[in-house]
Structure formats: C-alpha cells, structure tokens
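Only the coordinates and a few stated rules stand behind these numbers; no lab work does. All figures in this text were calculated on a predicted structure; none of them were measured in a lab. When we count neighbours, we look across all protein chains shown, and the Cβ atoms used for this are built from the backbone with ideal geometry, even at glycine.
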Amino acid sequence: MITPPPVKPNSKIRIVSPSGKIDEKHVMPAVGWLEKQGYKVELGEHVFAKHFQFAGTDEQRLKDVQTALDDPDCDAIICSRGGYGTVRIISKLDFTAFTESPKWLVGFSDITILHSCLNKLEIATVHGVMPRYFFNEAGEPKEDLTSMMKLITGEGINYSVDTTEYSRNGKANAELIGGNLSIVTSLQGTKYDLNTDGKILFLEDIDEFLYHTDRMIHQLKLSGKLDKLAGLILGDFTDMKDNESPFGKTVHEIILEAVADFDYPVCFDFPGGHDKKNLALAFGKQWELDVSSDKTTLNFTP
C-alpha cells in the first residue's frame, strides 16, 4: 500500500466538491484556518457551483477533481462535503498522474467511492472530517479536525473508547477499509468492490430504515464480505428510521445477528461517521484493534 507523503508547512491543499452542493459559509472558515496553519489552499473552480442538488454539472465536478488529482504540487485533496454525485463521475476520472504523485484524499460519506477506488489502486486515504464540520459551536477546532491533521501530517494516533454491551472481545492487526455502508454495498459487482479478506472493516450510515440496513448487512454476508474479516468496527448509525410496523431489532442487534457465525472482534459505537464526533481513520493502513471488556483501543503507527 502506497502512503502519500506527509503534508508539511507551506504545502498546497486543494478543496473540491465531487458530490453535493455547498455554500461558501460552510467552507471559507476552514480555508482561513488552514491558511493560518501555514498551508496554501486552492479551491476548485466550481467548488460552490450549483446544479440542482449537485455542486455543479457532472462535467464541472469532474474537471475540478481531475485537476486536483493531476496537480503535482498538491499534497492533499479535501472534499467539501458528501451527499450524492461521486458515482456519476468516478468512471471518467484518470488516476494516472495521481498514482505517480499520490496525495492524501480526505472525506467521508459519499466520498467512500473515492476511498474504495484508491484502495483498489493501493493508495492510502483518510476517512475524516470535511470543512463544514471542522469547528465546534464556539468556532474552535474539533477533535475530528486535529485527528485528521495528525494523519495527513504523518503522525500516529491512539484511540480509546468504552466497550459497549454489544461488542465482541478480541484483537486484530490488519489493514483498515470501509466507509459508508450504503456506498460500500452499492459498489458490489463493480471494479471498485472492496476485498475484505483479512481486513478490519469499518462501517457507518445515516438516515436509513432499519429493514434496509438489515438487507445491506445480509447482502454483504451473502456475498462473503463478512466471512474472513480480521475485525469489524461499527461507527455511528445516525437518525435511523423504522416503519409504522416495527422491524423489531436495533442496528446493534441486526449486525450482531449477521456476524454471529464468525469469531473476530466487533467494536460498536466508534465515534466515526455522521454524528457529533468523527475521528479520522487512515484507510489502507495497518491498525491494531483491541476490544476488551471495558475499553476498546484502536491504534495506528505510521
């Protein structure tokens, strides 16, 4: 797996919008903060464009992302937000120059498509916070931001969270992959489909019906994606919905039932995804997962 060079002071960081539209007010404070840290920030030409729900037309979004991928002087690409739309341009992107001059790509949610694509190209990425969520209500940098910056600047990181009653004890030392459950599932059968064998799989989601989550988890199980995992980490499943006729199981119960036949460690409620805290994860890199009775630790050493 190729690790992009660390982002250093005076490095160029590009911000692009491959998916949903976004207003300047949700991006410019992040630009100002990055510049105060000594980085050069360059916005995609169409980063604030609007075309229905998208950040510009497919052609505009494609142009901005391709320009960022091809820029040999850029050390990191931060996506402005998720939403929907990356799937419409992914097959038209050319990663030739990017593989010759790799740089960190940062984002989550719909950006899972880019994470999966680059994982297939054996280039590490960061599942982490995007500009709208850099700061707390007081305007101070959140732990989400500091953890993301640690990873792209080449530092290690150690996380410790409470073990929930649903978690399953065990240890794993393996490559971490994954992202948004809906996106990971939708990529099955495509050339961006993840190889999960021997990996630690991270999954999170938002605004899904419980029955739909059950269907997606069983789709992963039926396709063998859950059979040979080294470990499973479940992030936030935010704003989940139920039908008028209840499904009868929580998200935790749905997932535990699906992996009951396997014996790898399972961590629930890791603070990653669409909730208040979204700790950064380096996909494509080795992590140490230790789920014990009281604490769960997840450690990364560059």
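Want the number for His51 to Ser293: 0.36 nm per residue separation, take away the alpha-carbon distance, what's left? Provide the component values of the computation, followed by the final result.
Values: separation 242, 0.36 × 242 = 87.12 nm, distance 4.96 nm.
Residue separation times 0.36 nm, minus the Cα-Cα distance, leaves 82.2 nm.
With +1 on each Lys and Arg Cβ and -1 on each Asp and Glu Cβ, and nothing else charged, work out how big the dipole of the stretch 158-300 is about its Cα centre, in Debye to the nearest 20.
Numbers: 14 positive and 24 negative charges, 102 e Å.
Roughly 480 debye for the stretch 158-300.
Might you report the magnitude of the Cβ-based charge dipole of the chain about its Cα centre, with Lys and Arg at +1 and Asp and Glu at -1, to the nearest 20 debye? Can you show the working numbers first?
On the way: 32 positive and 45 negative charges, 135 e Å.
Taking the Cα centre of the chain as origin, the dipole is about 660 debye.
Give the order of Val31, Val47 when sorted by the count of other beta carbons within 10 angstrom, beginning with the fewest. Walk me through the intermediate numbers first.
On the way: Val31 19, Val47 24.
In order of increasing Cβ crowding within 10 Å: Val31, Val47.
In the Gaussian network model of the chain, springs joining C-alpha atoms below 10 Å, which of Asp64, Asp261, Asp75 carries the largest mean-square fluctuation?
Comparing Asp64, Asp261, Asp75 in a Gaussian network model of the chain, the most mobile one is Asp261.
For Gly284, what charge total do you get from the other residues with a beta carbon under 15 Å from its beta carbon, if Lys and Arg give +1 and Asp and Glu give -1? Display every interim value, and only then the final one.
Details: positive: Lys103, Lys120, Lys199, Lys285; negative: Glu122, Glu175, Asp197.
Neighbour charge sum, excluding Gly284 itself: +1.
Please give every one of the lysines within straight-line cross-link reach of Lys199, meaning a C-alpha to C-alpha distance under 25 Å, and leave out same-chain neighbours fewer than 8 residues apart.
Here the lysines satisfying the reach criterion relative to Lys199 are Lys103, Lys120, Lys150, Lys171, Lys191, Lys221, Lys225, Lys228, Lys277, Lys285, Lys295.
May I ask you to sort Trp33, Trp104, Trp287 by Cβ crowding, counting other Cβ atoms within 10 Å and putting the fewest first?
On the way: Trp33 17, Trp104 27, Trp287 24.
The order, fewest Cβ neighbours first, is Trp33, Trp287, Trp104.
Starting from the 7 Å offset along Cα-to-Cβ, what nm value, one decimal, do you get for the label separation of Gln188 and Lys92?
Calculated label separation equals 2.9 nm.
How many angstrom lie between the C-alpha centres of the stretch 198-219 and the stretch 61-111?
25 Å
Sorted from fewest to most neighbouring beta carbons within 10 Å, what does the list Ser91, Ser292 look like?
Values: Ser91 10, Ser292 13.
Going from sparsest to densest Cβ surroundings: Ser91, Ser292.
Would you mind classifying the stretch 90-188 by shape? Square roots of the alpha carbon gyration tensor eigenvalues, ordered a ≥ b ≥ c; an a/c under 1.5 is rounded, otherwise it is prolate if a/b is larger than b/c and oblate if not. Working shown, then result.
Numbers: a/c = 1.64, a/b = 1.23, b/c = 1.33.
In terms of gyration-tensor shape, oblate.
Which one, His115, Ser245, Phe268, projects farthest toward the positive side of the charge dipole computed for the chain from Cβ point charges (K/R +1, D/E -1)?
Checking the options against the dipole of the chain, the answer is His115.
Taking 0.36 nm per residue of sequence separation and subtracting the Cα-Cα distance, how much length would be gained by fully extending the chain between Gln219 and Ser245, in nm to one decimal? Intermediate values should be presented prior to the final figure.
Values: separation 26, 0.36 × 26 = 9.36 nm, distance 2.26 nm.
So the extension gain works out to 7.1 nm.
Rounded to the nearest 500, what is the 222 nm mean residue ellipticity of the chain from helices alone, with -39500 (n - 2.57) per DSSP H run of 4+ residues and division by all residues?
Numbers: 8 runs with 73 residues, N = 302.
Computed ellipticity for the chain at 222 nm equals -7000 deg cm²/dmol.
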